[in-house]
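> Next up is a structure, given as structure tokens.
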Amino acid sequence: MSIERLVVIGGDAAGMSAASQARRLKGPEELEIVAFERGHFTSYSACGIPYWVGGDVDARDDLVARTPQEHRARGIDLRLRTEVVEIDVGGRRVRAREVESGAESWTSYDKLVIATGARPIRPDMPGADAAGVHGVQTLDDGQALLDSLARARGERAVVVGAGYIGVEMAEALIKRGYEVTVVNRGSEPMSTLDPDMGRLVHRAMEGMGITMVNDAEVTEVRTGEDGRVRSVRTADAEYPADVVVLGIGVRPETGLARAAGLPVGVHGGLLTDLAMRVRGPVADGRVWAGGDCVEVLDLVSGRERHIALGTHANKHGQVIGANVGGGYATFPGVVGTAVSKVCDVEIGRTGLREKDAHRAGLQFESVTVESTSRAGYYPGASPMTVKMIAERRTGRLLGVQIVGREGAAKRVDVAAVALTAGMTVEEMTALDLGYAPPFSPVWDPVLVAARKATAKVHGGAR
Ligand SMILES: Cc1cc2nc3c(=O)[nH]c(=O)nc-3n(C[C@H](O)[C@H](O)[C@H](O)COP(=O)(O)OP(=O)(O)OC[C@H]3O[C@@H](n4cnc5c(N)ncnc54)[C@H](O)[C@@H]3O)c2cc1C
């Protein structure tokens, strides 16, 4: 029997999940697996970086789920610190360069997995690359930030961007004793929420002592004579800074794939079918892609989107691994569920925001309810705000956003299931959700919102 070779580009969530799953299905006598990773780590949790920087997680190695040695022990030929610089799809081979020595060589493949992730957006402005300005995409970035915090021993930090990474990093820096200013281009933090819900996050951040500057764009990072950051300028103001953290989003890392002629969508991500196989004749049915470098189908709007989340990357990897390992699996799409927190305020969202629904041409009703995390009389009950969006006339659930304390974030999973099942808000009112005073009021906040949404959709008739 001839041995096939699988080549994987990218050694984190999507790439190593694919490699590991393929290895589970096929042994080394049937499938040779070569994985290239340009960094120092494999199978690491970038998601844990804010908690490592903030001191909740002790050590960098705690964020590594599987080391290169562990992968090698499972029969994966892992080439660390080696970057793939060209894909030759016609010749079924990749050209790789060792980062330290610069030595290059070609490796042929029968099947190829592209799992190159996403690249953080660096603002195009003076000082963006100055010492003390940090991204937080990789464990190396996290280490560089921690080294910088130890070296600078400063007092003031500016976070640029108020998406979930910016918000989590603001909390981490507060925990490190910094005065933190977050400069945000949008009208409220967390643009994945509607602004009325983002305002609740804004208030929570201010309650922690974080200064939020909305509707402002950073135009320059100013440095001192030593070349280190001193301040951050916007059109109207200047904010002193001993350290700057960038959290202004990511773009799919698809330069290699595009150069090879593989298809990318309007958001710059690779386009795949449901089996995560790259579409089109150039890929020749031999190329798969997953994780932050691909676009995914939004099951609610029916559109393709780029959503950079580890939860999707791991699932894509599993699906790819099953398919390249001779099994069968598909990834049907997402409903847009994401959770995060700032201190003890939890944030959950799933489905469409109002502006997504508008953009999709949907007419809708939205309701917001104030409830509590536990029965009102039970000690520790805390406020929780639920916003629910439902299609006009049909009552189909379109989206839910929740901001509150304990239990707020994961409550959104109920809505994610309802969205996936295509439920109406009226059907949601009958869901048999658990109740006991320490966990929820007798009417769970999600059910209260569903009842209110049902009444609004049906003109108060129910
Ligand atoms: C601070 C932070 C917090 C996050 N929090 C969450 C969270 O709470 N929940 C959540 O779901 N997601 C979270 N994410 C997102 C999550 O980490 C990513 O979605 C996930 O890591 C994507 O996995 P991936 O394998 O597609 O890409 P990546 O993790 O980016 O891995 C791609 C790998 O490919 C390597 N690579 C790229 N090009 C080449 C090449 N040419 N040759 C060799 N190697 C290459 C890179 O070095 C990298 O290691 C967070 C991300 C960050 C940065």
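> Mind listing just one residue for me: the one in the stretch 286-341 that is away from the ligand (no atom under 11 Å from the Cβ) and of a type in the set (Lys, Arg) and, of those, nearest to Ala408 (Cα to Cα)?
Restricting to residues being away from the ligand (no atom under 11 Å from the Cβ) and of a type in the set (Lys, Arg), the top hit is Arg305.
> Within the stretch 255-263, is there a residue that is without any contact (Cβ under 8 Å) to a residue 40 or more places away in the chain and crowded, with 19+ Cβ neighbours inside 10 Å?
Taking the stretch 255-263 first, the residues without any contact (Cβ under 8 Å) to a residue 40 or more places away in the chain are 255, 258, 263.
So of that shortlist, the ones also crowded, with 19+ Cβ neighbours inside 10 Å come out as none.
No, the conditions are met nowhere in the stretch 255-263.
> Can I ask one more? Here are some conditions: (1) surrounded by fewer than 20 Cβ atoms within 10 Å (Cβ to Cβ); (2) closer than 24 Å to Leu299 by Cα; (3) of a type in the set (Val, Ile, Thr). Val400 meets all but one. Which one does it not meet?
(1)
> Looking only at residues in the stretch 249-273 that are of a type in the set (A, V, I, L, M) and under 20 Å from the mean Cα position of the chain (by Cα), which one is farthest from Asp124 (Cα to Cα)? Please lay out each step first, then the result.
Quick first cut of the stretch 249-273, residues of a type in the set (A, V, I, L, M) only: 250, 256-257, 259-260, 262, 264, 266, 270-271.
Next, only the ones that are under 20 Å from the mean Cα position of the chain (by Cα) stay: 250, 264, 266, 270-271.
Details: Val250: 14, Val264: 24, Val266: 22, Leu270: 25, Leu271: 28 Å.
Per the stated criteria, the residue is Leu271.
> Here are Arg156, Arg93, Arg97, Arg185: which of them is in the same structural domain as Asp62 (by TED's automatic domain parsing), surrounded by 15 or more Cβ atoms within 10 Å (Cβ to Cβ) and more than 12 Å from the ligand (Cβ to nearest atom)?
Details: Arg156 fails: in the same structural domain as Asp62 (by TED's automatic domain parsing); Arg97 fails: more than 12 Å from the ligand (Cβ to nearest atom); Arg185 fails: in the same structural domain as Asp62 (by TED's automatic domain parsing).
One residue alone meets the criteria, Arg93.
> Here is a further query. Could you tell me which numbered condition Gly90 fails, if it satisfies all but one of (1) free of Cβ contacts under 8 Å to residues at least 24 places away in the same chain; (2) touching a His at 6+ places or on another chain (Cβ under 8 Å)?
Condition not satisfied by Gly90: (2).
> Count, please, the residues in the stretch 1-30 that happen to be under 13 Å from Gly317 (Cβ atoms) and charged (D, E, K, R).
Total meeting the criteria: 3.
> Looking for whichever is within 21 Å of Lys315 (Cα to Cα), among the β-branched types (Val, Ile, Thr), out of contact with any Asp or Glu (no Cβ under 7 Å at 6 or more places or on another chain) and buried (at least 19 other Cβ atoms within 10 Å of the Cβ) here; the options are Ile76, Ile33. Which one fits? Talk me through it step by step, then tell me what you get.
On the way: Ile33 fails: out of contact with any Asp or Glu (no Cβ under 7 Å at 6 or more places or on another chain).
Unique residue meeting the criteria: Ile76.
> Also: For the stretch 422-462, which residues satisfy the criterion of being among the small types (Gly, Ala, Ser), free of Cβ contacts under 8 Å to residues at least 12 places away in the same chain and under 14 Å from Gly395 (Cβ atoms)?
Across the stretch 422-462, the qualifying residues are Ala430, Ala455, Gly459, Gly460, Ala461.
> May I pose another question? How about the stretch 32-84: which of its residues are over 22 Å from the mean Cα position of the chain (by Cα), among the hydrophobic types (A, V, I, L, M, F, W, C) and within 7 Å of the ligand (Cβ to nearest atom)?
Matches in the stretch 32-84: Phe36, Val84.
> Quick check on Val403: is it modelled with pLDDT of 95 or more and in contact with a strand residue (DSSP E or B) (Cβ under 6 Å, 6 or more places away or on another chain)?
Taking the combined requirement at face value, the residue satisfies it.
> Quick check on my filter: what residues within the stretch 215-235 are touching a Gly at 6+ places or on another chain (Cβ under 8 Å) and in a strand (DSSP E or B)?
Quick first cut of the stretch 215-235, residues touching a Gly at 6+ places or on another chain (Cβ under 8 Å) only: 215, 220-223, 228-230.
The answer is Glu220, Val221, Arg222, Thr223, Arg228, Val229, Arg230.
> Can you run down the residue pairs with Cβ atoms below 8 Å, 6 or more apart or on separate chains, where the first is in the stretch 358-382 and under 22 Å from Lys452 (Cα atoms) and the partner is at pLDDT 95 or above and among the aromatic types (Phe, Trp, Tyr)?
Hits for this filter: Ser371/Trp443; Arg374/Phe439.
> So, in the stretch 201-214, how many residues would count as being surrounded by 13 or more Cβ atoms within 10 Å (Cβ to Cβ) and in a loop (DSSP other than H, G, I, E, B)?
Qualifying residue count for the region: 3.
> Take the residues of the stretch 430-455 that are within 18 Å of Gly351 (Cα to Cα) and among the β-branched types (Val, Ile, Thr): which is farthest from the chain's Cα centre (by Cα)?
Looking at residues that are within 18 Å of Gly351 (Cα to Cα) and among the β-branched types (Val, Ile, Thr), I get Thr454.
Table: residues versus (1) over 28 Å from the mean Cα position of the chain (by Cα); (2) among the hydrophobic types (A, V, I, L, M, F, W, C); (3) closer than 30 Å to Val158 by Cβ.
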| site | (1), (2), (3) |
| --- | --- |
| Arg97 | yes, no, no |
| Glu104 | yes, no, no |
| Lys111 | no, no, no |
| Arg119 | no, no, yes |
| Ala128 | no, yes, yes |
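> Okay, next question. Looking at this structure, is Arg5 part of a strand (DSSP E or B), more than 15 Å from the ligand (Cβ to nearest atom) and in contact (Cβ under 8 Å) with a residue 60 or more places away in the chain?
Details: part of a strand (DSSP E or B): yes; more than 15 Å from the ligand (Cβ to nearest atom): yes; in contact (Cβ under 8 Å) with a residue 60 or more places away in the chain: yes.
So Arg5 fits the description; yes.
> Here's a follow-up. Which one is farthest from the ligand (Cβ to nearest atom), of the residues in the stretch 134-153 that are more than 17 Å from Phe41 (Cβ to Cβ) and out of contact with any helix residue (DSSP H, G or I) (no Cβ under 9 Å at 6 or more places or on another chain)?
Here the answer is Arg153.
The values are calculated or read from the model by the stated rules, or taken from the named source; none is laboratory data. On a predicted model such as this, the values are computed, not experimentally measured, just so you know. All Cβ positions, glycine included, derive from the backbone under ideal geometry; neighbour counts span all protein chains shown.
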